[in-house]
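Sharing a structure, written as structure tokens. Questions coming.
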Amino acid sequence: MGETKTVHSPIVTYTSIVSLLTLAPPFVILLWYTMVHADGSVLQTFEYFRKHGLQGLKNIWPAPSLIAWKIIACFGAFEAILQLALPGKRVEGPISPNGNIPVYKENGLLAYAVTLVTYLGLWWFGIFNPAVVYDHLGEIYSALIVGSLVFCILLYLKGHLAPSSSDSGSLGNFIIDFYWGMELYPRIGKNFDIKVFTNCRFGMMSWAVLAVTYCIKQWFVQFSFDSQIIFYLQYEMNGGVSDSMLVNTVLMLVYITKFFWWEAGYWSTMDIAHDRAGFYICWGCLVWVPSIYTSPGMYLVNHPVHLGTQLAVLILISGLLCIYVNYDCDRQRQVFRRTNGKCLIWGKAPSKIVASYKTEQGETKTSLLLISGWWGVSRHFHYVPEILAAFFWSVPALFNHASFLPYFYVIFLIILLLDRAKRDDDRCSSKYGKYWKMYCDKHIGDASSDPEHLDYCSYEAPWIILGASDRLIELDFTVYLFTSNSSLLEVSLVDMSLKLCLLNSLL
């Protein structure tokens, strides 16, 4: 039946799953209403509901309009066509728990460039006004909430009736199956990967499109036409784009560009390689990403802030640095995996752990766990610059309006990544056992790759001689040495383990 359980943290209980299913949709509408119609004031929204009760939610919830459905349909169809039609390198994902190897076409960066050029081109030539998207944003979110819910129901039915691979199956509970998903790699036909579409081509792409939309809404350009193209500037709101909006937009677009540059690496992350396609992933990418992830820019549309050149440049450079460090973390791991550890990390051969594990079919396989570079600092160090980057594209709003809403995404991201780190640790501990404990024990705050300063280090050589007591042992495989503060030497090769009790310190 494939993978029969989904690893998640204890805090994500049955009750919290039901709460997320029921509360996430109205929260999207509440956030939009507060930012667009309540001057970004949570207190103003609270006063409104104090007067109107739950009827107030019905009053502010916009009905999905025809234009909203058209915008969603055109965007979704355009991205699906690009995903299928654009050329790209063949990329294999990691081996699944059931031994399947997903195959992808790496054309995300090209699709991203085509999308932005097309969107800006439609605006420049007066074919489509991006401000329309902002003006109908509530209706678009409402339509996405309904449409994505139907989409997730169809995914649930597909998982039962026509799974795409053996990495599928029920967890024994409808609510949990619907939330976590039935399939790991659902596809339509052979080539259209549903999770790549929802996560990358719709979710992340809509983030970029909306970031540009919010910027244009502040400085609305309308074109009029006669026999020749004539254009003029119409300052619809503030007579231009504030430096706070520019910093926000640039940082978001750089981050999203980084994502699509590294998209093949994303296919090896928890989102794609471990989390199934259900409400959590798919509804989240189709609705939560376009609404919550873009919210700092949405807020700035009606609340522009003049930062001044020095502060704007400081925030911009700080954000760019964090995005680079986040990228470099992912790049180090990707290069390490691609070269099977035969590479340089920060100018040195990387230290690593060769961890063996068994698949659900009982086969023994190995993975390399990197403990050098950024990955020698801490297990999830790459989350630190990601959170800081989100802070720097939110902080242009400053704190002038006595509202925490521009920073809600940062708060959400911290909670999300803490939960993801816990789930990842639980999954790896279950998968790798003692090797994961060895990996965790390494991260005690010393990022040095000098063997004299490590709790343990790895050596690879055609042969190596170890001294234990007064005996010499010649070995012909990878060895992990514990320094003299340890009383146990573990030598591992795939599923082979040799334990030697040391009477004296290692030679």
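Straight-line reach from Lys58: which lysines have Cα under 17 Å away, leaving out those fewer than 8 places along the same chain?
none
Moving on to the next point. Order 103-109, 358-364 from most to least packed using the mean count of other Cβ atoms within 10 Å. Please report the intermediate quantities before stating the final value.
Numbers: 103-109: 19.0, 358-364: 11.0.
Ranking, from highest mean packing down: 103-109, 358-364.
Please express the Cα-Cα pair-distance distribution P(r) of segment 14-441 as a list of whole percents, one per 20 Å bin, running from 0 to the bin with the greatest distance.
23, 57, 19, 1
Could you tell me which of the pairs Lys342/Lys437; Lys195/Lys352; Lys258/Lys348 are separated by over 27 angstrom between their Cα atoms in the structure shown?
In this structure, Lys195/Lys352 lie more than 27 Å apart at Cα.
Which order, highest average first, do 387-400, 19-32 follow once you tally other Cβ atoms within 10 Å for each residue and take the mean per peptide?
Values: 387-400: 20.9, 19-32: 16.4.
In decreasing order of mean packing, 387-400, 19-32 become 387-400, 19-32.
Tell me whether segment 232-373 comes out rounded, prolate or oblate; compute the Cα gyration tensor, take square roots of the eigenvalues as a ≥ b ≥ c, and use a/c under 1.5 as the rounded threshold.
On the way: a/c = 4.01, a/b = 1.84, b/c = 2.17.
It is oblate, given that a/c is not under 1.5 and a/b is not larger than b/c.
Apply 1/(1 + (r/R0)^6) to the Cβ-Cβ distance of His52 and Asn173, taking R0 = 35 Å, and write down the FRET efficiency to the nearest 0.05. Please list the in-between numbers first.
Numbers: r = 36 Å, r/R0 = 1.04.
For His52 and Asn173, the calculated efficiency is 0.45.
What is the extension gain from Val117 to Ile317, computed as 0.36 nm multiplied by their sequence separation minus the C-alpha to C-alpha distance, in nm to one decimal?
Details: separation 200, 0.36 × 200 = 72.00 nm, distance 2.54 nm.
In short, 69.5 nm is gained.
A further question on this structure: Take every Cα pair under 8 Å in segment 14-441 that's 6+ residues apart, average their separations, divide by the length, and report that relative contact order as a whole percent. Each step should come with its number before you reach the end.
Details: 582 pairs, mean separation 70.4, N = 428.
Relative contact order comes out at 16 percent.
Read-outs: derived from the displayed coordinates by stated rules, not from any lab. No experiment lies behind these values; they were computed from the predicted model shown. Quick reminder, even Gly has a Cβ in these numbers, built from the backbone with ideal geometry, and neighbours come from all protein chains shown.
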